[in-house]
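The values are calculated or read from the model by the stated rules, or taken from the named source; none is laboratory data. Values in this document were obtained by computation on a predicted structure and should not be read as measured data. Don't worry about glycine lacking a Cβ; one is built from the backbone with ideal geometry, like all the others, and counts go over all protein chains shown. With ligands, DNA and RNA removed, areas are computed over all heavy atoms of the protein, side chains included. Shrake-Rupley method; radii C 1.70, N 1.55, O 1.52, S 1.80 Å.
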Amino acid sequence: MAQGLIRRADVDAVRERSRLDEVVAEHVTLRTAGIGSMKGLCPFHDEKTPSFNIRPQLGHWHCFGCGEGGDVISFVQKINHLSFVEAVEMLAAKYGVQLQYEDSGGERGERPDFGTRRRLLDAHAIAEEYYREQLATPAAEVGRRFLTERGFDQEAAAHFGVGFAPEGWDSLTGVLRKRGFTEPELVASGLVSEGQRGVYDRFRGRLVWPIRDITGNTIGFGARRLLDSDKGPKYLNTPETAIYHKSQVLYGLDIARKEISAQHRVVVVEGYTDVMAAHLAGVKTAVASCGTAFGADHVKIVRRVMGDSNPSAGLRLNTDGRSLAGEVIFTFDGDAAGQKAALRAFEEDQRFVAQTYVAVEASGMDPCDLRIQQGDQAVRDLIETRRPLFEFAIRTAISQVDLDTVEGQVTALRMAAPVVSRIRDRAMRPEYARRLSGWLGMDEGTVLRAVHDAARSEGRGGHRADVPAQAPGAPGAGGQGSDGAPEPLPAARLADVVPPRDPVGQVETQSLAVMLQAPQLLDTEKVASLPDDAFHVPALQSVWDVMLAAGTLLDAAEGQLHPARFLEQVLEIAGETVRPLIVEIANLDLPARDEQGLSKLAGSLLDRLTELSITREYSVLKQRLQRTDPSDSERYQEIMARLTQVQGRRRALRAGGD
Ligand SMILES: [Zn+2]
């Protein structure tokens, strides 16, 4: 049995060396089913025709019949009824991997050994001090101007530890070497990048914000582009290291922690400058995720800080209207990205959603701009305009249609009813159905019926997602609602979200399938040019959102990241609702005979996907133009210019595709 945690690297080695086809073949007779895939009768449910699929190269298995799926470790766990550690030990013995255990000391999670962790923290402390000193130098003028323009004086910059990374290739590298850090340590710290001629400074000519863990140790940096000559992304962050995990890092948490726990409230903003602006304006509970969307792990951290151990308390309100279990307030800068982020949050744990609010500034300003233009009070007021996430999600869904027509109302109802039906807390559903009827201007009975139908058709999948058990002791932990009906978390199945005869849906599904299954065959340029909102089917867009949040598709396309590792990362950050869908798509059979065929298919799918999204953008702009008063010439011209640009892109795509 386990003496402690198995080192993460050893678990990875076990996963890599185990042959899924061999392991499965001990229990299931497999036959080749298509390129890179094999089929057999599912060992986890009764069936007569094979719907159990494995992809040995990806190390993934999935059953289209019962929805089970996972990697080689989870297969061994399930088939032999073992714990994770036991399954890893069994595979390690079979494939000759030597396991090492860490003394976990009662703590869960990865624990790099003390010496290494200490060294990495030291390197960060030195780097922070160095960057801070550099901010006062003449070369940092551009950085100081950036701060001043955003309303931050010297004191504010010092309070948040903002610094400047000079332009040279080895400014920081040199400092750290002089302090005795070895090249492997520098690489492990993420402060340098590796080139063909050795290591060099990762952040150059940028403003840098130290990112700290909850105890105040600096574990990474976020860096803002300042110079025109800098061709890198606007924001560059520390990569994943032994001490920096972006899915678990919240910028500002170290200074906000006390207030979050005192106020039972956390405000989630979108960037470093927004965190600064919010705190300076008196919103002392502001934090931001760094280089990734606010995800499931962030939820856990926030909940822990708020001391929210009783999830069902989320609905009880204090006399001042605040919920007793705490509030999570998202501020988004009103654009489509923000709305998508909100909808993604909607995909998360629903116990959390019940406590979640959204505050959007009327003209779309973020807290930083708002503070510059209207002052501190305006930022505090913005937070008070929060609306429940459910309301925000429903209104976002119906805002896309014209409610002045009967067709529009019916369409809106069709879009919004499933959102209401997915609210897990049955007590809240009738209330939202009532509000929805008000927003739509429709009869309440009609709306309630639509919600009821939507709930039934979602339930028809008859499939339960792999949901972790409810917290023991929580009311309703028996798994039954008060009316005796089970309350499954609806997990999307592909067949439910994409109609089989919907050609656009098919293109979108297959595009995701090639990206998840064979990223190494993709044309990097085509991948890079896909827009953030490339997908029309909402459930597929949320899969795409997860892939974007993972942020490593390009690495996989360039062959820098193993396809299996890419898929693993995507699954790791996916919410409970969307994960089964990703597994299903990752196991989908594609109409290609060999790798060459698959590569060709991938190219044409991505072209088609790009074309579809351009066409959609074009028609949205066209409609907007029709609604715009030509006498508002500035706006008119702007839309015209964008239309011309979109047309140009479409032409270029067609010319290139021939
Ligand atoms: Zn099955």
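Name every residue in the stretch 40-61 that is within 13 Å of the ligand (Cβ to nearest atom) and modelled with pLDDT of 90 or more, in order of residue number.
Answer for the stretch 40-61, where residues must be within 13 Å of the ligand (Cβ to nearest atom) and modelled with pLDDT of 90 or more: 52, 53, 54, 61.
Being among the β-branched types (Val, Ile, Thr) and touching a Phe, Trp or Tyr at 6+ places or on another chain (Cβ under 9 Å) is the filter here; which residues of the stretch 539-566 pass it?
543, 552
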Quick check on residue 299: is it β-branched (Val, Ile, Thr), in contact with a helix residue (DSSP H, G or I) (Cβ under 7 Å, 6 or more places away or on another chain) and either farther than 25 Å from residue 240 by Cα or at pLDDT below 70 (or both)? no
Reported set for the stretch 62-76 where residues are under 15 Å from residue 584 (Cα atoms) and either open to solvent by 20 Å² or more (accessible area, probe 1.4 Å) or within 8 Å of the ligand (Cβ to nearest atom) (or both) is 63, 64, 65, 66, 67, 68, 69, 71
Search result, residues across the stretch 216-231 that are free of Cβ contacts under 8 Å to residues at least 24 places away in the same chain and under 25 Å from residue 332 (Cβ atoms): 225
Do we find that residue 79 is under 15 Å from residue 32 (Cα atoms) and either open to solvent by less than 40 Å² (accessible area, probe 1.4 Å) or within 16 Å of the ligand (Cβ to nearest atom) (or both) in this structure? no
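If a residue has to be part of a helix (DSSP H, G or I) and hydroxyl-bearing (Ser, Thr, Tyr) to count, how many in the stretch 517-542 make the cut?
Count: 2.
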Residues in the stretch 633-658 that are loosely packed, with under 11 Cβ neighbours inside 10 Å, at pLDDT below 80 and of a type in the set (D, E, K, R): how many? 1
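Picking from 197, 202, 225, which residue would you name as being under 25 Å from the mean Cα position of the chain (by Cα) and more than 22 Å from residue 275 (Cα to Cα)?
On the way: 197 fails: under 25 Å from the mean Cα position of the chain (by Cα); 225 fails: more than 22 Å from residue 275 (Cα to Cα).
Matching residue, one of 197, 202, 225: 202.
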Can you tell me which residue within the stretch 3-26, out of those that are of a type outside the set (S, T, N, Q), open to solvent by 90 Å² or more (accessible area, probe 1.4 Å) and assigned to a loop (DSSP other than H, G, I, E, B), is farthest from the ligand (Cβ to nearest atom)? 19
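Kindly check whether there is at least one residue in the stretch 96-109 that is under 28 Å from the mean Cα position of the chain (by Cα), of a type outside the set (D, E, K, R), at pLDDT 80 or above and away from the ligand (no atom under 16 Å from the Cβ).
No, every residue in the stretch 96-109 fails to be under 28 Å from the mean Cα position of the chain (by Cα), of a type outside the set (D, E, K, R), at pLDDT 80 or above and away from the ligand (no atom under 16 Å from the Cβ).
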Among the residues of the stretch 33-55, are any basic (Lys, Arg) and open to solvent by less than 30 Å² (accessible area, probe 1.4 Å)? yes
